[in-house]
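Presented below is the structure to which this report refers.
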Amino acid sequence: MSSDRQVLTAIANVTQESMRFFEIVHIVWGPDKKKAVLAIGQSSATLLRLDLGVKVHKHSRFEYHEIIKVIKDKHSEDILVLVFDLSCKACQDGKSDHLMVKSENRELLLKHLQSCWQTHMMCKFWRPATFPLFTAERSKPDKFDFKVEPFKDYVWESYCNYKFMRPKGMLESPNAIRSTSTGLYHEESTGVSLQVKVHDPLTLDQLKLARREHIWWVAVEYKAKLVQDQNQFYIIRSVQRCKGMNLVGDLASWTGWELILRTRECTYICQLLRRMHMPPLCDSAQDISLVFTIPSEYWMKFEVQQMLQAQMIVDSVSPCATPGIYRELIQCKLDTLRFDEDGIEWIANYQRLHSHWRYEAIAFVRSIINIFVQSKVINNEELLTTDKYVALKPIRQAWLNQDLIHDWNAFFESCKKRGMQLLNSSVDEDDFETKYRRQRVANRLLERLARYFAWAVDGGFLGPIFNLELLLEKMPQLDTDEDKQITTALMFMLHLRDKQKEWYEDKYKLKEGGNDNCVFNDRVMQWIIHGEYLRKLFGRKSEGDYFRCLAQVLKTSGGPTLKAYICRIFMATASSGRTEGDGSLSVVPVLLQLARSGGVYLATFASAALVNMTHDNQIVKMQLMNQGLAQVVAQNIKSKDDDLICYTLTLMVNLTKEAHHRYIMAQAGLLPLLYDLLTSSYHQCRHAQGMSSNMSSELSHSAIKEKILANLSSVIGHFCKDEEYGNHLILSFPHTVKCLCYIATHAIYGTPLMCKVLYALKQLCSAHSAEREEIGAIVVKPLLQDQLHNAEVLQKCKSEFLTHAINLLQMLSSLKENCLRMDDVDGRKILQGLTELPSDKMSDQLKEQCRSLETRIREVVNREHEIARGP
């Protein structure tokens, strides 16, 4: 059962009809009993032989109006009978009017058959018709039923060709469209609800185009959807999880992701599953989500039980039907190179199937190794003379029998001719009537062949013994002739080309970095960049051109993994000393575009790269502000992704040091966003006095949240340098001071977060003197008594923390009430002790500030004593 596009196209070439679905079934048609391919087309159903070449019978094509009855067997889940009109050609030719079909997934087959049957009847007779589906006894009851029974107080629930165990009290809920098969379940006694969604299956290539290669990216989408209307939330857990309980012997591989979100009203447990390499063709994947919504009151009482119950329900998810593997069709897809690297490896390891191109791949790999061995660059001749390093048995059997390649271009040309002969044998000649079209098909075939060869070289055959990393590492040791041959092989594996042209053999084409219309192998390109091969093409004195080339690669259709790796290169590159003519600046607009429209994953990497590039670099800052960075920052803060928000705020810390940049940011509406972020996350810092025994409260505190709060405090402090924005933060956003004071009294002492919060409070005091009383009443005593008088804190903290602490106390001391509060906790003695700290902690200027503050406290206290004594 499959809707594979390539197989349906091959069937359509035989039937001359657009096809929708096919399945290999067992049929009983009169005296004939055999396996056949049942193909569901636009206007008819056709029975074909297993090789897809011809029909089972000359009249084995049935138009849907000739099917007058479809009977489901009552005692089995795989048998159905098609009853034909006696006037159909097959019946007139002596064939039976009853066709018994044994299907591995009867429900899915009936779904496609019903859809196409009703559509055909509507188009042919211009009126709707009811699908003639009946249930009857067509076989004897099975005496042995080996079904897995659900756990106690649970029942099996089926939805969209999958089944899972649900509690008996969790009943299906209707929606606005239908009352059954809604995927919505609710438990009245607890208020817990469950929503199940089964996504459409996608091929592995379609997953890459949809930017959903990793299940984590799907989890990011779900998280954004769940919290889009929530002002306050935090992530309790977001981790990859292995699914348990393969209850039906499913041959596919499963991966999972567990996401637990806490909001004011409820807790969401979002369990995501991905079923990879799905039978029968092992070339597709399907995502399944189960979202549990648990009221806050119930979650606080039974959070562990709810987590375990959700995991048990998810582990019980199983396909309703477990079809076998269509090995013949998989072999055809392997021979036409329709699987990517991961698919090739999975099928080789689990199904023991290999492409017929493996002989050419063996010759390709052995020829590359031979060049290194003959040049004495690799001193291991056993790679050529023995097969003990080859793990895969079919590869090992042919390893020593393949001739070496002496003329690479002739080898590639012979591969192309063989591939075109294979295609011509299965496709109508009319599809290749023009030379241009034939060349385009040949280019695509060579592109897939290059990907297969690259997989073989990069550990596919020899594992870590020989791969692309080793090849690029040893290339500089080769002589000119040998280097030219390896370069030809490397450029073929990379297969850099325009979409309508052949691949470029010249390695210097790499220096152009490609364009919007080019394609290449991401995996090989990443190794070329990682191995410094691309940088060496430009030479040491052309670093600017190298950065321009990387910027151009970011503009191409390369995948997110490659682009994220290039962003990491810029993250690790020192940014100081750049000039306007430096080529590295050409990447700034590209990174900004990634931050704007690259999705959460690439936007995070692009923002991190921009953080490093804006450090002490006015040119980059001006370039970013002129190209609309403020709007991008506002967009990414709204994303509610912790990593992206953290790097975005770090970027704002670098940029808001300048007054005109702060003006642009404020005009983009960032101050309300910063206030919302502060009020929704201020309580998620780690507490100095220990955490709650409640697990969800404990897990709400994380390192990334503390970094967000630290950067947020720095940005608020920078905005307070302008009196206008300082007053705005205090008057328009009244909880700003309260949230910062909460962090200052609850966060772990001496940490970078505490340091930035003290800086923000000091800036708020300078912007609005009326707040000094409120801040002093809350902060002074804990700061002096618990932090500056704590030997452990003073030993671990950095000088920056002491600087901001002293500056805040000095600012607060302008009010006599605060001076008296300092004296109440023996502040003068504490300040005197600070002056005795080593110079790496306390600079001379800071020690002088302590003495000045001590004098100020003494003067206020003495004056108050004089007033108390009277004249």
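The values are calculated or read from the model by the stated rules, or taken from the named source; none is laboratory data. A quick note: this is a predicted structure, and the numbers were derived from the prediction, not measured. Glycine also receives a Cβ, built like all others from the backbone with ideal geometry; neighbour counts cover every protein chain displayed. Note: areas computed on protein heavy atoms with side chains; ligands, DNA, RNA excluded. Shrake-Rupley method; radii C 1.70, N 1.55, O 1.52, S 1.80 Å.
Computed with every protein chain present, the accessible area of Arg448 is close to 40 Å² [probe 1.4 Å]. A Förster radius of 45 Å, combined with the Cβ-Cβ distance separating His356 from Leu171, puts the computed FRET efficiency at roughly 0.25. Loop-resident GluC sites (Glu not before Pro) (DSSP state other than H, G, I, E or B) in region 59-167 with no more than 15 further Cβ atoms inside 10 Å of their Cβ: Glu77, Glu137. Listed by chain and number, the lysines whose C-alpha is less than 22 Å from the C-alpha of Lys474, apart from same-chain residues fewer than 8 away, are Lys376, Lys484, Lys507, Lys509, Lys511, Lys536.
A Förster radius of 41 Å, combined with the Cβ-Cβ distance separating Lys147 from Asn231, puts the computed FRET efficiency at roughly 0.30. Size descriptor for region 292-337, Kirkwood hydrodynamic radius: 14.4 Å (Cα pairs only, one decimal). Pairwise Cα separations in region 481-523 fall into 5 Å bins from 0 onward with the following percentages, short to long: 5, 24, 33, 24, 9, 4, 1. The coefficient of translational diffusion for region 501-550, derived via Stokes-Einstein from the alpha carbon Kirkwood radius under 20 °C and 1.002 mPa s, stands at 186 µm²/s.
Of the residues Leu651, Asn349, Cys739, the one whose Cα sits farthest toward the positive end of the charge dipole of the chain, with +1 on the Cβ of Lys and Arg and -1 on the Cβ of Asp and Glu, is Asn349. When Glu188, Glu866, Glu23 are compared by accessible area at a 1.4 angstrom probe, the order from most to least is Glu188, Glu866, Glu23. For region 376-505, with all protein chains in place and a probe radius of 1.4 Å, 45% of the accessible heavy-atom surface sits on carbon or sulfur. Two numbers describe the Cα atoms of region 1-127: Rg and Dmax, which are 13.6, 38 Å.
Accessible area per residue was computed with a 1.4 Å probe on protein heavy atoms; Arg338 scores about 80 Å².
Of Trp346, Trp254, the order by accessible heavy-atom surface (1.4 Å probe, DNA, RNA and ligands excluded), from most exposed downward, is Trp254, Trp346. The slack in the chain from Lys474 to Asp85, taken as 0.36 nm per residue of separation less the alpha-carbon distance, amounts to 132.9 nm.
FRET efficiency for the pair Asp403 and Asp250, taken as 1/(1 + (r/R0)^6) with r the Cβ-Cβ distance and R0 = 41 Å, rounds to 0.45.
Sorting Tyr436, Tyr359, Tyr675 by solvent-accessible area of protein heavy atoms yields Tyr436, Tyr359, Tyr675, largest first, with a 1.4 Å probe.
Annotation: per residue accessible area for the chain equals 46 Å², rounded to a whole number [probe 1.4 Å, protein chains only]. Taken over region 180-335, the convex hull of the Cα atoms encloses 127 Å³ per residue. Model label points for Ser814 and Lys829, set 7 angstrom from Cα along the Cα-to-Cβ axis, are 3.1 nm apart. Rounded if a/c is under 1.5, else prolate if a/b is larger than b/c, else oblate: which is region 612-680, with a ≥ b ≥ c the root eigenvalues of its Cα gyration tensor? Since a/c reaches 1.5 and a/b is larger than b/c, the shape of region 612-680 is classed as prolate. For region 518-645, the Kirkwood estimate of hydrodynamic radius, built from reciprocal distances between every pair of different alpha carbons, is 14.9 Å.
A cut-off of 5 Å between modelled amide H atoms, ignoring neighbours fewer than 5 places along the same chain, links Gly41 with Arg20, Thr46.
Pairs over the 26 Å Cα-Cα cut-off, from the set Lys34/Lys393; Lys35/Lys140; Lys563/Lys721; Lys638/Lys705: Lys34/Lys393; Lys563/Lys721. Spatial offset of region 156-181 relative to region 81-141 amounts to 28 Å, using the alpha carbon center of each.
Percent of C-alpha pairs per 10 Å bin in region 451-500, short distances first: 24, 50, 23, 3. Taking one quarter of the surface of the convex hull spanned by the alpha-carbon atoms of region 86-223 gives a direction-averaged projected area of 15.2 nm².
Quick check: pseudo-label points 7 Å beyond the Cα along Cα→Cβ at Gln118 and Arg438, how many nm apart are they? Placing both labels 7 Å beyond Cα along the Cβ direction yields 4.7 nm.
Per-residue ellipticity at 222 nm computed for the chain from its helices equals -15500 deg cm²/dmol, with DSSP H segments shorter than 4 residues left out and the rest contributing -39,500 (n - 2.57). Ligands, DNA and RNA excluded, the heavy atoms of Met420 present near 20 Å² of accessible surface to a 1.4 Å solvent probe. Put a dot 7 Å past the Cα of Leu50, heading toward its Cβ, do the same for Gln92, and the two dots end up 3.4 nm apart. Averaging over all projection directions, the Cα-based convex hull of region 226-267 occupies 4.2 nm² in the image plane. Relative to the globular-protein estimate of 2.2 N^0.38 Å, the Cα radius of gyration of the chain stands at 1.21.
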